[in-house]
Amino acid sequence: MKKKNYLIILSCFLAILSIFIMACNGNKNNDKNRLITAEEWKTQYPYQYETYMKDLELDEIVSIPEQYPFLDVIYAGSSYGKYFIEPRGHNLSLTDVGETGRPHPKANCLTCKSSDFTYMVNTEGVEVYSREFNTVYEQLNELIGCYTCHENTGSEVVITHSYLKNALGENIKDYNVNDLSCGQCHCEYYFLKSTDEAKLAYTGLDNMNPEYILNFYIENNVAETTHGLTGTKIPKATHPEFETYLGEGSKHASFLDCADCHMGECTAADGTTFSDHFFTTPLDKPEVLETCKGCHPYDMAEYVHNIQKAVEDRTIEVGQELANMILALAAFKDSGKYSDEQLQPIKDLHREAQWYWDFVFGENSNGAHNSALSYDCLNKAETAINKAMDLMKAL
Ligand code: HEC
Ligand code: HEC
Ligand code: HEC
Ligand code: HEC
């Protein structure tokens, strides 16, 4: 055999061998047939993994109703008045959803709790949402794992929750991917009655606001609960962090994303830089607070707490007014003296007031994300409450 031919055969062999090795590696990291767990990324991304696991420390249980005694009235007829805790760490969410006293007949309650669930929806279809809760719950092992935000890439930010992609369609390009990543769950969603699947009301930044969402819910009869005291049908706001942070009045949405405040960049002892995967308050992250100083050259914790205190005080004030209005409406209804036509406009105002109040109460930053929008919603709730009281006085 000529030396030249020998070399060609050898290089072909080496090329095939390297393709084979690449294919094996690619297969390992991009396996489409199963979910790659957080545990499996541990060696390749030790710092992301280690910080991600810190979230199990966020295990304090703070029950919300104790701080807001009037919730029994506002949420009468729904289990929210009784079982409602402040959010805890991501990796406790599977435990929390299993232990809450709120009933959950369908598997769709697991939408935001486990990567395994997301993987099931992505591979088996939306019919997974309507399966029986316990059957699916028992099949879940992975918590809110790397897959949820990175699919099987382990590092690239990928949106895996299809309802967000479907709702935004082409408009998804107007968003920052790190905002979308958290917005997959920290958003205002509803379950479609016919299929139990998760859905969003809006289609882009233009209509991602509480007014549009309320009208959409009313027109499409979705997300409703029937109020136990007044019989009003009311859409329940979930946890609209995404909509609030990106909403009108936001001071930072144009230049900071969720990861800038809730993740932050760290440097390990060996000099590696990485994003802190401990998803918690920016106030506990010195590396994040350092980046705020240029614009906020003062004690950030105190500044944030003052804003939150003022928003919470106003939330309690309007919440109490709402509860009083509900009790008055319930008494009118129970008296049997008024017709449905007379009561309906008051019920409509009850629905409007409760929606705007709930949009603030359900949001988890207590005003820190966008206090202007929070005040605007609370003012709208109060206006509707006052109108309802006036209508009752005039009856
Ligand atoms: C798969 C759904 C999901 C995604 C995606 C998600 N979260 Fe969460 N997050 C949750 C749930 C559920 C909880 C509440 C857990 C509990 O209380 O059991 C939570 C709680 C939190 C908390 C409160 C933790 C505490 O007690 O301090 C913060 C902060 C948070 N998430 C930030 C983020 C950020 C930032 C992102 C994006 C990088 C994100 N989350 C993406 C579902 C998600
Ligand atoms: C709730 C969403 C979320 C989860 C869960 C998550 N990540 Fe990330 N990850 C992000 C976001 C957002 C970024 C981009 C951060 C930025 O641009 O500042 C990122 C960045 C990264 C990067 C790029 C390098 C860096 O540090 O910025 C790696 C690698 C990474 N993640 C690995 C992991 C691994 C491994 C896991 C599981 C142990 C994981 N991530 C879990 C949201 C997540
Ligand atoms: C400019 C900084 C900033 C940005 C950007 C930001 N947040 Fe926050 N976020 C905060 C602050 C400050 C708090 C209040 C923390 C506290 O009370 O200790 C907070 C609170 C939260 C909480 C409640 C935490 C808890 O312990 O209950 C969640 C959940 C959350 N943010 C999610 C998000 C999501 C999702 C996004 C993006 C859509 C986002 N944040 C963008 C600053 C930010
Ligand atoms: C480029 C300037 C700039 C940077 C950087 C910046 N902020 Fe701000 N922030 C502002 C301005 C302007 C306001 C509104 C005026 C004010 O209250 O000072 C504001 C307001 C806030 C508010 C109150 C929001 C509201 O709606 O009431 C919080 C909370 C906040 N900033 C947190 C942070 C955190 C945390 C960081 C660092 C991750 C940060 N900011 C970085 C400019 C900035």
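Just so you know, all these numbers are worked out from the coordinates, no wet-lab data involved. Small disclaimer: the values here were computed from a predicted structure and weren't measured. All Cβ positions, glycine included, derive from the backbone under ideal geometry; neighbour counts span all protein chains shown.
GNM on the chain, alpha-carbon springs under 10 angstrom: the most fluctuating residue among A381, A353, A76 is A76.
Take every pair of alpha-carbon atoms less than 8 Å apart whose residues are at least six positions apart; their mean separation over the length of the range 274-395 yields a relative contact order of 31 percent. Put in line by how crowded their Cβ is, counting other Cβ atoms within 10 Å and starting with the fewest, K193, K106, K233 read K193, K106, K233.
How big is the C-alpha Rg of the range 243-286 next to the rule-of-thumb value 2.2 N^0.38 Å, as a ratio? Write out the running numbers ahead of the final one.
Values: Rg = 12.8 Å, N = 44, 2.2 N^0.38 = 9.3 Å.
It is 1.38.
Counting Lys and Arg as +1 and Asp and Glu as -1, what is the net charge of the other residues whose Cβ lies under 15 Å from the Cβ of D206? That sum, taken over residues with Cβ under 15 Å, equals -4.
List the trypsin sites (Lys or Arg not before Pro) within the range 298-356 that DSSP assigns to loop and that have no more than 14 neighbouring Cβ atoms inside 10 Å. Mind showing how you got there, number by number?
Numbers: sites: K309, R314, K333, K337, K347, R351; in loops: K337.
Counting only loop positions with at most 14 other Cβ atoms within 10 Å, the trypsin sites (Lys or Arg not before Pro) in the range 298-356 are K337.
Each residue of the range 288-301 is assigned a 3J(HN,Hα), and the resulting list reads 6, 4, 4, 6, 8, 4, x, 9, 10, x, 8, 5, 5, 4 Hz, derived from the Karplus form 6.51 cos²θ - 1.76 cosθ + 1.60 (θ = phi - 60°), x at Gly and Pro. Label positions at R34 and E341, each projected 7 Å from the Cα along the C-beta direction, are separated by 6.7 nm.
Of all aspartates and glutamates in the structure, the ones whose alpha carbon falls short of 12 Å from that of K199, not counting any fewer than 8 places away in one chain, are E188.
Going from the fewest other Cβ atoms within 10 Å to the most, the residues W357, W41 appear in the order W41, W357.
Look at the alpha carbon pairs under 8 Å that are at least 6 residues apart: their mean separation over the length of the chain gives a relative contact order of 15 percent. For the range 115-134 versus the range 202-241, the inter-centroid distance based on Cα atoms is 24 Å. If each residue's Cβ is checked for other Cβ atoms within 10 Å, how do K173, K199 rank with the fewest at the top? Least to most surrounded, the residues fall as K173, K199. The equivalent ellipsoid of the chain has semi-axes of 46, 25, 19 Å, largest first, where each one is the square root of 5 times an eigenvalue of the Cα gyration tensor.
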